[in-house]
Amino acid sequence: GQNIDQPTEMTATEGAIVQINCTYQTSGFNGLFWYQQHAGEAPTFLSYNVLDGLEEKGRFSSFLSRSKGYSYLLLKELQMKDSASYLCAVKRGSTLGRLYFGRGTQLTVWP
Amino acid sequence: GAVVSQHPSWVICKSGTSVKIECRSLDFQATTMFWYRQFPKQSLMLMATSNEGSKATYEQGVEKDKFLINHASLTLSTLTVTSAHPEDSSFYICSARTAGESEQYFGPGTRLTVT
């Protein structure tokens with residue numbers, strides 16, 4: 001099985017920086033994804049880490065430490081539209097590439 | 001590119017009936033498609049994985065005979081919820097990926113309500 005843990009809720013103000021953590025325990029680890037999901041909509045891809053280190057893409061960065069089973073998503077210069085649920089997902093296996101999601105972190109950005 | 005559609009976007013059906021949900025990859029060939037279910041304020045739960053032309057692989061606890069999956073072509077997979085019950089009411093989301101790529105592309109989801 002797999003245990004994927006992330007905080008349930010976070011709040012921040014516009015212009016701030018927020019870090020959303022994700023820890024996991026799984027067999028057959030083959031990468032970690034971060035997705036953004038607005039209520040009632042499908043998830044949209046944010047980042048993918050398969051090797052240790054930091055991946056930066058605009059206002060979003062994601063970090064992975066495989067030895068610690070730990071990742072974080074860093075959001076800079078927060079905007080109101082960033083209010084959403086952020087899902088950490090672990091990929092298992094290379095053939096089928098199944099994704100297993102955490103419960104999601106509901107981020108609320110205040111003006 | 002990499003657009004996945006689902007049909008219908010929402011459906012209401014009576015208890016005991018069956019409902020079919022379609023998932024299509026519009027501009028790429030989806031060698032693998034995935035079906036997820038999401039209950040309110042919860043995360044996505046993987047139900048099954050299907051490869052084109054072969055039987056689906058179901059996750060533990062998901063009833064094969066209740067959730068029938070057909071991946072008949074490289075652009076279409078269907079999920080049929082048979083003998084639906086109110087507890088099957090949920091948001092069903094499919095995703096698709098092509099061979100050699102890690103990223104999955106998600107459809108917009110189908111909200112099923114069973115009365």
_Matching residues in the range A:1-46 - criterion: being of a type in the set (Ser, Thr, Tyr) and buried (at least 19 other Cβ atoms within 10 Å of the Cβ)_ = A:Tyr24, A:Tyr35
*Would a scan of the range B:8-20 turn up a residue that is open to solvent by less than 30 Å² (accessible area, probe 1.4 Å), under 12 Å from the mean Cα position of the chain (by Cα) and within 14 Å of another protein chain (Cβ to nearest Cβ)?*
no
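When the range B:92-104 is examined, which residues are found to be under 28 Å from A:His38 (Cβ atoms) and open to solvent by 50 Å² or more (accessible area, probe 1.4 Å)? Break it down stepwise before answering.
Let us first name the residues in the range B:92-104 that are under 28 Å from A:His38 (Cβ atoms), namely B:92-98, B:101-104.
Within the range B:92-104, just B:Glu101 meets the criteria.
Select from the range B:48-68 the residues that are farther than 14 Å from B:Ala96 by Cα and not small (Gly, Ala, Ser) and list them in ascending order.
From the range B:48-68, those farther than 14 Å from B:Ala96 by Cα are B:53-55, B:57-68; that's our starting set.
B:Lys55, B:Thr57, B:Tyr58, B:Glu59, B:Gln60, B:Val62, B:Glu63, B:Lys64, B:Asp65, B:Lys66, B:Phe67, B:Leu68 - these are the residues of the range B:48-68 that are farther than 14 Å from B:Ala96 by Cα and not small (Gly, Ala, Ser).
Here's the yes/no breakdown for (1) at pLDDT 95 or above; (2) charged (D, E, K, R):
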{"position": "A:Glu9", "(1), (2)": "yes, yes"}
{"position": "A:Glu14", "(1), (2)": "yes, yes"}
{"position": "A:Ile17", "(1), (2)": "yes, no"}
{"position": "A:Ile20", "(1), (2)": "yes, no"}
{"position": "A:Thr26", "(1), (2)": "no, no"}
{"position": "A:Trp34", "(1), (2)": "yes, no"}
*Can you pull out the residues in the range A:55-111 that are open to solvent by 10 Å² or more (accessible area, probe 1.4 Å), more than 9 Å from chain B (Cβ to nearest Cβ) and among the charged types (D, E, K, R)?*
A:Glu55, A:Glu56, A:Lys57, A:Arg59, A:Arg66, A:Lys68, A:Lys76, A:Glu77, A:Lys81, A:Arg92
*asked:* Checking A:Arg59 against (1) in contact with a Gly (Cβ under 8 Å, 6 or more places away or on another chain); (2) farther than 14 Å from A:Gln6 by Cβ, only one condition comes out false. Which one?
replied: (1)
*asked:* Consider the range B:96-115. How many of its residues are more than 8 Å from every other protein chain (Cβ to nearest Cβ), in contact (Cβ under 8 Å) with a residue 12 or more places away in the chain and of a type in the set (Gly, Ala, Ser)?
replied: 2
*Which strands (runs of 3 or more DSSP E) does the range B:28-91 wholly contain that include 1 or more residues that are away from chain A (no Cβ under 14 Å) and open to solvent by 70 Å² or more (accessible area, probe 1.4 Å)?*
B:67-73
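The values are calculated or read from the model by the stated rules, or taken from the named source; none is laboratory data. What you see is a predicted model; the values in this text were computed from it and never measured. Cβ coordinates were reconstructed from backbone atoms using ideal geometry, including for glycine residues, and neighbour counts include every protein chain displayed. When the accessible area is computed, the model is the full protein with side chains, heavy atoms only, and any ligands, DNA or RNA have been set aside. Shrake-Rupley method; radii C 1.70, N 1.55, O 1.52, S 1.80 Å.
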